[in-house]
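Structure first, commentary second.
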Amino acid sequence: GQNIDQPTEMTATEGAIVQINCTYQTSGFNGLFWYQQHAGEAPTFLSYNVLDGLEEKGRFSSFLSRSKGYSYLLLKELQMKDSASYLCAVRAAAGNKLTFGGGTRVLVKP
Amino acid sequence: NAGVTQTPKFRILKIGQSMTLQCAQDMNHNYMYWYRQDPGMGLKLIYYSVGAGITDKGEVPNGYNVSRSTTEDFPLRLELAAPSQTSVYFCASSYDLADTQYFGPGTRLTVL
């Protein structure tokens, strides 16, 4: 089975940086995804990590350590529109299934 | 491309009623998925399909059925609606196993 943990909620100030951690335990590993979901909307893809290290995409970066079962999503220069839930999802080595964490709700304050 | 479309957007059912949630994609994706998301929670996989004619159970399949007669369509059937099935249902698709999943706008279902 798989177990994915991420904090429930985080608050940060506009212009600041926030780091959302995700830890996972899986019977096999074949990639980790981060999705953004605004309230009442569908999740949208942010990043994908399958090898250790940092992937940077503009203001968003995602890091993976497979040996530690750990990833983080870093949001820089926070904007009000970044207020959303951020979902960590892990793909098992076998099968086609993604297992999602409960999501971290980020609230950006002026 | 419309991407992934879902109908209806909202629905209220009485206990014991049946309904089909429609999902279609025009990206020629092989893989399609149905998830449910309860308030404040992550997504749980109900069923998925790796191609026309092939479906398999996810994490929470009880109370649901699916079919995949074409590449484009992947309907989800609720036979005897129960209050525990009150949720938001998302359909998703991807081209390949390791590919990004693209989500539809969701169907908000309430069972009273």
Mind listing whichever residues of the range A:3-21 are part of a loop (DSSP other than H, G, I, E, B) and within 11 Å of chain B (Cβ to nearest Cβ)?
-> A:Q6, A:T8
Here the residues within the range A:22-72 that are aliphatic (A, V, I, L, M) and more than 14 Å from chain B (Cβ to nearest Cβ) are A:L54, A:L64
Yes/no for B:M19 being of a type outside the set (G, A, S) and within 15 Å of the chain's Cα centre (by Cα) | yes
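Does B:A24 satisfy the condition of being outside any strand (DSSP E or B), touching a residue at least 24 places away in the same chain (Cβ under 8 Å), away from chain A (no Cβ under 14 Å) and open to solvent by less than 60 Å² (accessible area, probe 1.4 Å)?
Numbers: outside any strand (DSSP E or B): no; touching a residue at least 24 places away in the same chain (Cβ under 8 Å): yes; away from chain A (no Cβ under 14 Å): yes; open to solvent by less than 60 Å² (accessible area, probe 1.4 Å): yes.
No; evaluated as a whole, the condition is false for this residue.
Could you run through the range B:80-104 and say how many residues are more than 14 Å from the chain's Cα centre (by Cα), away from chain A (no Cβ under 14 Å) and assigned to a loop (DSSP other than H, G, I, E, B)?
Restricting attention to the range B:80-104, the residues satisfying the condition of being more than 14 Å from the chain's Cα centre (by Cα) are B:80-84, B:95-100.
If we keep only those that are away from chain A (no Cβ under 14 Å) as well, we get B:80-84.
With assigned to a loop (DSSP other than H, G, I, E, B) added as a condition, the list becomes B:80-82.
Residues meeting the conditions: 3.
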Could you please let me know if A:N49 is without any contact (Cβ under 8 Å) to a residue 40 or more places away in the chain, closer than 24 Å to B:M41 by Cβ and either open to solvent by 50 Å² or more (accessible area, probe 1.4 Å) or out of contact with any Gly (no Cβ under 8 Å at 6 or more places or on another chain) (or both)?
-> no
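Could you please give the count of residues in the range A:25-58 that are hydroxyl-bearing (S, T, Y) and either in contact with an Asp or Glu (Cβ under 8 Å, 6 or more places away or on another chain) or more than 13 Å from A:R91 (Cα to Cα) (or both)?
At the first step, the residues of the range A:25-58 found to be hydroxyl-bearing (S, T, Y) are A:26-27, A:35, A:44, A:47-48.
This time we only want the ones that are either in contact with an Asp or Glu (Cβ under 8 Å, 6 or more places away or on another chain) or more than 13 Å from A:R91 (Cα to Cα) (or both), so: A:35, A:44, A:47-48.
Of the residues in the range A:25-58, 4 are hydroxyl-bearing (S, T, Y) and either in contact with an Asp or Glu (Cβ under 8 Å, 6 or more places away or on another chain) or more than 13 Å from A:R91 (Cα to Cα) (or both).
Quick test for you: out of B:R68, B:R77, pick the one residue that is under 20 Å from B:T5 (Cα atoms), more than 11 Å from chain A (Cβ to nearest Cβ) and outside any strand (DSSP E or B).
Numbers: B:R77 fails: outside any strand (DSSP E or B).
Checking each option against the conditions leaves just B:R68.
Out of A:K81, A:K68, report the one residue that is charged (D, E, K, R) and either open to solvent by less than 20 Å² (accessible area, probe 1.4 Å) or over 16 Å from the mean Cα position of the chain (by Cα) (or both). Before the answer, list the steps.
Details: A:K68 fails: either open to solvent by less than 20 Å² (accessible area, probe 1.4 Å) or over 16 Å from the mean Cα position of the chain (by Cα) (or both).
One residue alone meets the criteria, A:K81.
Being within 14 Å of another protein chain (Cβ to nearest Cβ) and touching a Cys at 6+ places or on another chain (Cβ under 8 Å) is the filter here, so list the residues in the range A:73-96 that pass it. Even if it seems obvious, please write down each step before you answer.
The initial filter retains those residues of the range A:73-96 that are within 14 Å of another protein chain (Cβ to nearest Cβ), namely A:84-96.
Residue satisfying the conditions is A:C88 alone.
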Answer with yes or no whether B:G3 is at positive phi, within 14 Å of chain A (Cβ to nearest Cβ) and at pLDDT below 95.
-> yes
Within the range B:50-75, of all residues that are at pLDDT below 95 and open to solvent by less than 30 Å² (accessible area, probe 1.4 Å), the one nearest to B:T107 (Cα to Cα) is B:G58
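Please count how many residues of the range A:25-81 are part of a loop (DSSP other than H, G, I, E, B), among the charged types (D, E, K, R) and either out of contact with any Ser or Thr (no Cβ under 9 Å at 6 or more places or on another chain) or more than 16 Å from A:Q6 (Cβ to Cβ) (or both). Working first, answer last.
Just the residues of the range A:25-81 that are part of a loop (DSSP other than H, G, I, E, B), to begin with: A:26-31, A:38-43, A:50-52, A:58-59, A:66-69, A:76-79.
This time we only want the ones that are among the charged types (D, E, K, R), so: A:41, A:52, A:59, A:66, A:68, A:76-77.
Going one step further and asking which of them are either out of contact with any Ser or Thr (no Cβ under 9 Å at 6 or more places or on another chain) or more than 16 Å from A:Q6 (Cβ to Cβ) (or both), we end up with A:41, A:52, A:59, A:66, A:76-77.
Residues meeting the conditions: 6.
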Hey, can you tell me all the residues within the range B:26-51 that are over 11 Å from B:F90 (Cα atoms) and β-branched (V, I, T)?
-> B:V50
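The values are calculated or read from the model by the stated rules, or taken from the named source; none is laboratory data. Small disclaimer: the values here were computed from a predicted structure and weren't measured. Neighbour counts run over all protein chains shown; Cβ positions are idealised from the backbone, glycine included. Calculation scope for accessible area: heavy atoms of the full protein, side chains included, ligands and nucleic acids excluded. Shrake-Rupley method; radii C 1.70, N 1.55, O 1.52, S 1.80 Å.
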